[in-house]
Amino acid sequence: MSSNPRSNATPLWKQAFDAVEKAAAPVMADATSSDAFAEFVKTSTRISRDMAKQGEELSRRVLHALNLPAAGDVAYLKQQIGSLEAEVRSLRRALAEFEPKPAATTTSRSKSASKTTPKKASS
Amino acid sequence: MTATKSSESDSGSAAFDPVGFVVEQVTRTMQGSWNLTKHLLGVDRAKTAQSPREEVFRDGAATLWHYRSSQVSLSPPVLLVPSLVSRAFILDLQPGNSLVEHLVGRGFDVYMVDWGEPNEADAGNTLETYTHEMLPRMVRSIDERHDGAGVTVFGYCFGGILTLLYAASHPDDPIVNLVQLATPIDFDEMPKAMMIAGVNGVLPEHVIDETGNVPARSVRGSFSLLTPTADLATIAGFLERVHDDQFVNNYQAMTSWTRDHVPFPGGVFRQTVDMFQGQNAIKTNSLVLAGEKVDLGDITVPFLNVLGDKDHIVPAASTIGLHEMVGSKDSTELRLPAGHVGMIIGQGAMKRHIPAMSDWMVAHSEPLD
């Protein structure tokens, strides 16, 4: 850092920003924690979902008329592939139970003494 | 205090060098412009997760990593379990600013789970997927690799919920010590801004997208609601100190984590809304997983609950007293004067907070022969 004290002073624009931010932050945090905000999120979420749904329906009709897959079709296929992948993972986990155990990698020791002889709490 | 300020001001006036000041301001402006250009172009970005490691195995999107070390002197090994909604590299952010590096340096053999990025295949994952399938397999695998030495399990944030419920439902698994960092158990005390889904008529289905998961942007949005001005304040701070190479490096590393969340598996989200937010089932010790009641009293291994007094994501009130709910005779609560991330990242974390946790872990470990 500079040896010149004026070089390390907080710039005026930052001082102004900090003052505004300090005043606004708690007000905004209270606002986003309010029931009214939750209601706003609920309503806006519903409206945006409804709008997106209507848009998708419209585009799906157009694309299907042109014999093309729509985003919903791709999403459905990805869900199907995802389900299959999840089943493969499940089978892999089941198979892993029968795999030979790996060799120990480091110097071993007996089970921690702390498990068998609990130490006194230090709080 | 006033006298000190006056003294600094006086000495500053006496030492003021106008030519040096101008030269310094020009140099700063040039360096700042150069750093800002590189930042905006994405050139020479800060590198994260630099500790040397190797993959032990993968399980779906999840990977179990083992950190290479030639100085392992303590047993049992440690398994770090990060949150499901953020990137795992927060626990190994940068050299000199890394929980992993610290633990390796103290002689622990360190493993970490990276839950990866859930996709459609993970949409059906439930809490049981993690607590009854993945974590048991990982812990048993580590235990076998170390010839039955057991494992110190360390859970952070939502990862702490997973380790807590895993330990309570598998009391015979080779867990030697359990460390819980910023683990929410009382959801009545969680910030309202993070609990919009479920309690105000916003159904989980309204939040879950076509992949079956809660999209990453919604996860990030819920964190942003807690401190709505934080993003702007961060940018302002960056612009103020953009001439400082080290600051820019730290800023890039930190923001690469805070702005890069991962989708939250839909099945776990439904359970979170229903069991945690709706029933507050952990606090009331009434949680049922895989058809069986999970009793925290079944945790009997040495236990450390760590909470941050300034944590605005998992407030102290939402996790305080956890050490009294478990059945461990050796059960400790550690309160740190830090925030959610400040407990593991930054100078205070590296100098005081992490050493306080690792001191407990060292005291509950044994030297290797």
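Grab the DSSP H runs of chain B that are 4 residues or longer, score each as -39,500 (n - 2.57), total them, divide by all residues and round the 222 nm result to the nearest 500 deg cm²/dmol.
On the way: 13 runs with 132 residues, N = 369.
After summing the helix terms and dividing by residue count, I get -10500 deg cm²/dmol.
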Q | Sequence-distant aspartates and glutamates (8 or more away, or on other chains) whose Cα lies within less than 14 Å of B:K192 | A | A:D30, A:D35, A:E39
Q: Among B:R28, B:R58, B:R270, determine the one that fluctuates most according to a GNM of chain B built with springs between C-alpha atoms less than 10 Å apart.
A: B:R28
Q: For the stretch A:40-59 and the stretch B:321-336, write down the distance between their C-alpha centroids in whole Å.
A: 46 Å
Q) From the cross-link list A:K42/A:K78; A:K22/B:K310; B:K310/B:K351, which pairs have alpha carbons spaced over 20 Å apart? A) A:K42/A:K78
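Taking square-rooted eigenvalues a ≥ b ≥ c of the alpha carbon gyration tensor, is the stretch A:11-67 rounded, prolate or oblate, where a/c under 1.5 means rounded and, failing that, a/b exceeding b/c means prolate?
Values: a/c = 9.95, a/b = 2.38, b/c = 4.17.
Oblate, since a/c reaches 1.5 and b/c is not below a/b.
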Q. How far is the Cα center of the stretch B:227-283 from the Cα center of the stretch B:121-148, in Å?
A. 26 Å
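What is the sum of charges around B:D114, taking Lys and Arg as +1, Asp and Glu as -1, for the other residues whose C-beta is under 12 Å from the C-beta of B:D114?
Values: positive: B:R53, B:R58, B:R87; negative: B:E55, B:D59, B:D92, B:E117.
Around B:D114, the charge tally is -1.
If we count other beta carbons within 10 Å of each Cβ, what is the order of B:M194, B:M134, fewest first?
On the way: B:M194 19, B:M134 23.
Ascending number of Cβ neighbours within 10 Å: B:M194, B:M134.
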**Q.** Candidates B:N177, B:N305, B:N125, ranked by Gaussian network fluctuation over chain B, Cα under 10 Å, top entry
**A.** B:N125
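Peptide B:224-232: average number of partner chain Cβ atoms within 10 Å per residue? Numbers along the way, then the final one.
Details: counts 1, 7, 3, 4, 8, 11, 3, 0, 5.
What the average comes to for B:224-232 is 5.
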Q.
With a 10 Å cut-off between alpha carbons and a GNM built on chain B, which of B:V288, B:V85, B:V100 moves the most?
A. B:V288
Q. Peptide A:79-89: average number of partner chain Cβ atoms within 10 Å per residue?
A. 5
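Please compute, for peptide B:94-102, the average count of beta-carbon atoms on other protein chains lying within 10 Å of each residue's beta-carbon. Please list the in-between numbers first.
On the way: counts 0, 0, 0, 0, 0, 0, 0, 0, 0.
The per-residue average across the peptide is 0.
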Q.
Could you tell me which residue out of B:S73, A:L95, A:A31 lies farthest along the dipole of the protein assembly as shown toward its positive end? Charges go on the beta carbon: Lys and Arg +1, Asp and Glu -1, centred on the Cα centre.
A. B:S73
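As a footprinting exposure proxy, order A:D50, B:D244, A:D30 by other Cβ within 10 Å, with the fewest listed first.
Numbers: A:D50 10, B:D244 17, A:D30 13.
Going from least to most buried by this count: A:D50, A:D30, B:D244.
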Q: Quote the charge dipole size of chain B about the Cα centre in Debye, to the nearest 20; the model charges only the Cβ of Lys and Arg (+1) and of Asp and Glu (-1).
A: 800 debye
Q: Using a Förster distance of 30 angstrom, determine the FRET efficiency expected from the C-beta separation of B:T37 and A:N8, and round it to 0.05.
A: 0.80
Q: Compute the separation of the alpha-carbon centres of the stretch B:103-119 and the stretch B:40-70 and state it in Å as a whole number.
A: 9 Å
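Rule-based calculations on the coordinates, nothing more; no lab input. Predicted model only: the values in this text are computed from it and were never measured. As a convention, Cβ positions derive from the backbone with ideal geometry for all residues, glycine included, and neighbour counts pool all protein chains shown.
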